[in-house]
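Presented below is the structure to which this report refers.
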Amino acid sequence: MSDTAAHPREDDPEGSEEPTEGADGAPDGDLDETPAAGAVSTGAESVVAALEAAGAETAFGVQGGAIMPVYDALYSSSIDHVTMAHEQGAVHAADAYGVVSGEPGLCLATSGPGATNLVTGIADADMDSDAMLALTGQVPTEFVGNDAFQETDTIGVTRPITKHNYFANGADSVGDTVGEAFELSRAGRPGPTLVDLPKDVTQDETDRTPGPAAPPAGTDPDPNADADAVEAAARAIEEAERPLCLFGGGVIKAEASDTARTFARTYGIPVTTTMPGIGSFPEDDDLSLSWAGMHGTGYANMAITHTDCLIAVGTRFDDRLTGGIDTFAPEAEVVHVDIDPAEISKNVHADHPLIGDAGRVIDQLTAAVRAAPDAEAWRERCAEWKETYPLTYATPDDEPLKPQFVVEAFDEATDDDTIVTTGVGQHQMWASQFWTYTDPRTWVSSHGLGTMGYGVPSAVGARVAADNMGETDRDVVCFDGDGSFLMTMQELSVAVREDLDITVAVLNNEYIGMVRQWQDAFYEGRHMASDYTWMPEFDKLAEAFGALGLRVDDYDEVAPAVEEALDYDGPAVIDFHVDPEENVLPMVPSGGANGKFAAAEDQL
């Protein structure tokens with residue numbers, strides 16, 4: 001194998017041109033000219049030098065035998081390393097670090113189980129198009145394929161879930177490979193990359209200094225959409241009577257939120273977002289319909305159902321957004337803006353495909369649209385839907401604490417720039433529904449893969465990113481479920497050790513709540529393997545880790561506990577015992593029509 005025996009992800013434009021190799025197995029280009037000798041002495045030092053040159057500031061990882069040379073080189077590096085309790089924690093922390101900072105996250109693990117423990121988080125980043133580089137140790141090259149101790153075919157295992165991966169084959173070229181992988185992760189459509197590092201490669205001597213980090217030639221797509229296609233889309237927007245903007249995660253990744261907001265406001269077009277797009281448009285704006293999809297707002301789903309021109313930017317139209325494809329935006333001409341041509345008409349047919357960078361293409365549309373669509377009646381109708389289908393919940397005196405109340409209490413007690421991270425489940429939905437998001441990169445969650453356990457390690461990564469950006473006063477609040485928290489709560493030890501100011505709100509309903517909700521709705525109430533009444537006392541566990549631990553059972557305890565946790569200088573955990581029978585509403589049944597959502601429990 002060679003440094004560039006990597007695969008392109010089949011649906012990724014960056015994979016359209018593979019990097020080439022020189023005679024020594026190194027990528028052609030910078031290594032044709034040998035830099036001054038003596039700058040680095042081993043492959044591992046070359047790896048670290050490449051990371052420093054690329055601008056990496058923080059790495060998350062777990063030590064081990066095969067990756068040890070790289071860790072030894074990190075000892076004298078400017079890169080800060082955060083030792084995590086588990087490799088899954090490392091990869092989720094790196095992912096969240098990238099989401100908040102806008103720079104690729106970086107994680108490290110050793111060979112065998114270290115590498116395989118990264119797989120869930122790499123797949124998560126791949127599904128959500130998050131820029132990240134994973135470096136994995138590997139057994140010495142001569143042992144590869146011999147079932148050596150802690151050997152795994154990491155390249156083969158991660159091929160389907162990376163944007164590109166590399167097997168390093170020489171100390172002279174490994175630095176350039178790592179630099180290329182780092183830059184490739186954020187070129188075009190972002191995604192995770194991986195470099196597998198045999199121990200002999202990182203231990204061998206070299207006198208080559210890695211060249212400037214750059215993605216492979218041809219992997220940066222044209223940021224501008226076809227001019228004729230833009231003109232056709234502009235005419236469709238002008239003629240629309242019921243236009244609707246749908247902003248996805250690609251808007252945030254392209255740093256195009258301000259551009260997108262200006263476009264919607266200039267032409268008076270209502271806006272809904274996908275879950276990954278939360279924060280791209282302020283939810284307190286009159287044009288905002290919040291987010292759409294399976295558990296999105298009723299008014300967003302009604303707008304999608306009745307729009308006659310859907311301007312979708314940076315979204316892949318996944319099934320949780322669309323429900324049944326045949327019933328999604330059935331009356332609309334679809335303008336689809338995306339950096340990846342593979343996403344155009346993959347799920348939803350695009351009448352006006354605009355392939356390019358979200359911000360640049362919105363600028364093109366702004367220049368091309370000559371007059372705002374006549375949509376005053378449409379805006380009034382959307383406002384009526386907001387009044388008809390508000391997000392509400394009841395708080396009867398004879399029922400336990402409602403989880404939505406907890407989310408709203410935190411929202412009220414914190415500033416707009418607060419970063420919210422979550423695990424996956426009912427708590428994730430309540431955190432996205434009952435918090436008002438106004439800024440991009442404040443919502444950090446697992447979307448496409450739906451990874452339970454994402455919450456606590458992502459809070460660690462988000463906190464480190466905010467601190468590195470000089471934003472030490474920003475709050476980081478993690479909403480987690482009892483089942484999700486139990487999967488990765490060991491990362492609390494990292495938060496305590498690093499003195500990270502995070503607050504974890506466990507919405508503890510003693511169930512895998514979303515599974516229980518589906519079992520009640522679709523499986524005649526058979527709670528097979530979803531009843532978690534055996535949960536430990538999380539407040540006491542938090543104290544055992546060295547964090548502040550609190551327990552809340554009643555409404556009048558919520559505000560004081562929230563205040564105490566937020567004021568505490570360090571990690572705090574509040575174990576909120578909430579109503580075990582509370583459901584997430586509204587809900588579009590899987591494959592159903594967005595406009596036929598269940599607004600009440602008796603409609604499930």
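Once the Cα-Cα distance is subtracted from the 0.36 nm per residue extended length, the Glu412 to Asp153 segment shows a gain of 88.3 nm. Peptide packing: for 288-294, 316-322, 474-480, the average count of neighbouring Cβ atoms within 10 Å per residue gives the ranking 474-480, 288-294, 316-322, highest mean first.
Add +1 for every Lys or Arg and -1 for every Asp or Glu among the other residues with Cβ under 15 Å from the Cβ of Pro589, and state the total. Counting the neighbours of Pro589, the net charge comes to -3.
Using the alpha-carbon centroid of each, what span in Å lies between the stretch 170-244 and the stretch 264-324? Cα centroid of the stretch 170-244 versus Cα centroid of the stretch 264-324: 28 Å apart.
For a 26 Å ceiling on Cα separation, which of these pairs sit above it: Lys253/Lys596; Lys163/Lys253; Lys163/Lys199? Beyond 26 Å between Cα atoms: Lys253/Lys596.
A crude spin-label estimate for the pair Asp222 and Asp531, with each label 7 Å from Cα along the Cβ direction, gives 6.2 nm. Peptide packing: for 270-278, 109-117, 345-353, the average count of neighbouring Cβ atoms within 10 Å per residue gives the ranking 270-278, 109-117, 345-353, highest mean first. Start at zero, step by 5 Å, and the Cα-Cα distances of the stretch 403-585 spread as 1, 9, 19, 23, 22, 15, 7, 3, 1, 0, 0 percent across the bins. Applied to the stretch 310-315, the Karplus parametrisation 6.51 cos²θ - 1.76 cosθ + 1.60 on θ = phi - 60° returns per-residue 3J(HN,Hα) values of 9, 9, 9, 10, x, 9 Hz, with x for Gly and Pro.
If R0 is 30 Å, the Cβ-Cβ spacing of Val496 and Tyr555 corresponds to a FRET efficiency of close to 0.50. Computed about its Cα centre, the charge dipole of the stretch 13-203 is approximately 580 debye, with only Lys, Arg, Asp and Glu carrying charge at their Cβ. Bridgeable aspartates and glutamates around Lys386 (alpha carbons under 15 Å apart, same-chain partners fewer than 8 residues away excluded): Glu283, Asp284, Asp285, Asp286. Residues Lys386, Lys540, arranged from fewest to most other Cβ atoms within 10 angstrom of their Cβ, appear as Lys540, Lys386. Computed extension length for Glu543-Ala600: 16.6 nm, one decimal, from 0.36 nm per residue of separation with the Cα-Cα distance subtracted. For the chain, the residue among Gly279, Thr297, His427 whose Cα projects farthest onto the positive side of the dipole built from Cβ charges is Thr297. Length available on full extension from Glu524 to Arg370: 0.36 nm per residue minus the Cα-Cα distance, which gives 49.9 nm.
What share of Cα pairs, in percent, lie more than 17 angstrom apart in the stretch 509-576? Taking all Cα-Cα pairs of the stretch 509-576, the fraction more than 17 Å apart is 55 percent.
With the helix formula -39500 (n - 2.57) applied to DSSP H stretches of n ≥ 4, the chain reaches a computed 222 nm mean residue ellipticity of -10000 deg cm²/dmol. In terms of its C-alpha gyration tensor, the chain comes out oblate, because a/c is 1.5 or above while a/b does not outweigh b/c. Only alpha carbons enter this Debye calculation for the stretch 162-222, each as an equal point scatterer, and the log10 of I(q)/I(0) it gives at q = 0.13, 0.30 Å⁻¹ is -0.35, -1.24. Candidates Gln138, Ala234, Thr503 compared by Cα position along the dipole of the chain: farthest toward the positive end lies Ala234, with charges placed on Cβ. With a simple spin-label model that places each label point 7 Å from the Cα along the Cα-to-Cβ direction, the separation between Glu241 and Thr262 comes to 3.2 nm.
Quick note: the coordinates plus some simple rules give every number you see, no bench work behind them. For clarity, every value in this text was computed on a predicted model and none was experimentally measured. No Cβ is skipped: glycine too gets one built from the backbone with ideal geometry, and neighbour counts run over all protein chains shown.
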